[in-house]
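Right, one structure below, let's go through it.
The values are calculated or read from the model by the stated rules, or taken from the named source; none is laboratory data. Predicted model, so just to flag it, every value in this text is computed and none were measured. Virtual Cβ from ideal backbone geometry, glycine too; neighbours counted across all protein chains shown.
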Amino acid sequence: MIIDSHVHFWKFNPLRDSWITNEMNVIRKDFLPKDFSFYLNENQVECCIVVQADQSDEETSFLLNLAKENPFIKGIVGWIDLISEKLEESLQNYQSEKLIKGFRHIAEGEEMGFLMRKNVINGIEKLHQFNYTFDILLRQHQLSDAVKLSEKLPEQPFILDHCGKPDLKTNDLRDWKDNISELAKNPNVYCKVSGLLTQGNWNLIDEKSIFDNLDFIFSHFGIQRLVFGSDWPVMLLGGNYTFWLELISKYLSQFSKEEQELFFSGNAVKFYNL
C-alpha cells in the first residue's frame, strides 16, 4: 500500500496565491481531488494526506469539506492561528473532526526565529495537549530553528517537510547536514521524503545528488521515521508524479519488503494516526 503524505489542493487565486509566480505557470490553475485521482489510479496509490497551502481558517474548512467528499483523503494537516487567544477553544472545536490530524504554519516565509517566539512555542505546546501533530516547513538556512524547537518541545510529534529543503542548486549542504544530524536525534521527529524535485534545477534532475541526500536522511532518521510524499502539484515544476514515485522506488529497492511498507504507508499511519 502507498500513502502519499503530502498533497495540496487549491482553487487558484492570483492574489491569495501570489507565491505562485509567472515562472510557475504549470501550477497557476486549480488543482482539486478529481485531478489527483488520475495519479492515484495510474500509480496504485491508495490514499493521501492533504496539507494546507494558505494561512487561514477558511483553508482548513476547505480541505475538510474536500476530505468528506473524497474518501481517499485520509487525513488533513490544516492551518490554525498559533498565537490566537482563542487557540484552545478552536482546538477543542476541532476534536470532533477526526480527519484533522495536525497543523502547519508556512514558517519558511517567516523571519529566522519565528518558531522560537514564546507565543508560537506556547501555541505548538497546546497542539500536543490535544494530540495534534505539527509539520515543520523551513528552508535549509532556517533549520537551526527546527532543532531548537524540538529541544524546547521534545514530546511533541513533529514531521519535517521536504527533508528540510536541502539546497540542491549549490549543493552547499554543510549547515543542512549539521542541523539534520541534530534534529534526527529526537525520536519524536519524523521526516517526509518529498519535494526534492523542486530544490534543484527544475529542468535537470540530478538523480545522484538526490540519492546522496537520501543516503544522509535515511542514515540519520532511519527507515522507521521516514514517510513518502509527493508535494503534488508543486512537484510538477520539476517533474511528474510517476517519475518521482519510480525514482523513490528505485532508491528503496535496497530495503526489505517490510521496510518498504513502513516507508510507503506504515510510518504515515503511525505518525498521523490514520
Inside the range 1-33, can you point out the residues that are small (Gly, Ala, Ser) and either in a loop (DSSP other than H, G, I, E, B) or farther than 25 Å from Cys191 by Cα (or both)? Ser18
Which one of these does Phe36 not meet: (1) surrounded by 13 or more Cβ atoms within 10 Å (Cβ to Cβ); (2) of a type in the set (A, V, I, L, M, F, W, C); (3) assigned to a loop (DSSP other than H, G, I, E, B)? (3)
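Any idea how many residues of the range 250-267 are surrounded by 14 or more Cβ atoms within 10 Å (Cβ to Cβ) and either among the hydroxyl-bearing types (Ser, Thr, Tyr) or more than 25 Å from Glu207 (Cα to Cα) (or both)?
Residues in the range 250-267 being surrounded by 14 or more Cβ atoms within 10 Å (Cβ to Cβ) and either among the hydroxyl-bearing types (Ser, Thr, Tyr) or more than 25 Å from Glu207 (Cα to Cα) (or both): 3 in total.
Can you go through Leu247, Leu197, Leu236 and tell me which one is part of a helix (DSSP H, G or I) and buried (at least 22 other Cβ atoms within 10 Å of the Cβ)?
Details: Leu247 fails: buried (at least 22 other Cβ atoms within 10 Å of the Cβ); Leu236 fails: buried (at least 22 other Cβ atoms within 10 Å of the Cβ).
Among Leu247, Leu197, Leu236, only Leu197 is part of a helix (DSSP H, G or I) and buried (at least 22 other Cβ atoms within 10 Å of the Cβ).
Answer yes or no as to whether Phe134 is buried (at least 21 other Cβ atoms within 10 Å of the Cβ) and closer than 21 Å to Asp161 by Cβ.
On the way: buried (at least 21 other Cβ atoms within 10 Å of the Cβ): yes; closer than 21 Å to Asp161 by Cβ: yes.
So Phe134 fits the description; yes.
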Evaluation of Gly200 against (1) at pLDDT below 95; (2) within 17 Å of the chain's Cα centre (by Cα) (one fails), failing number: (2)
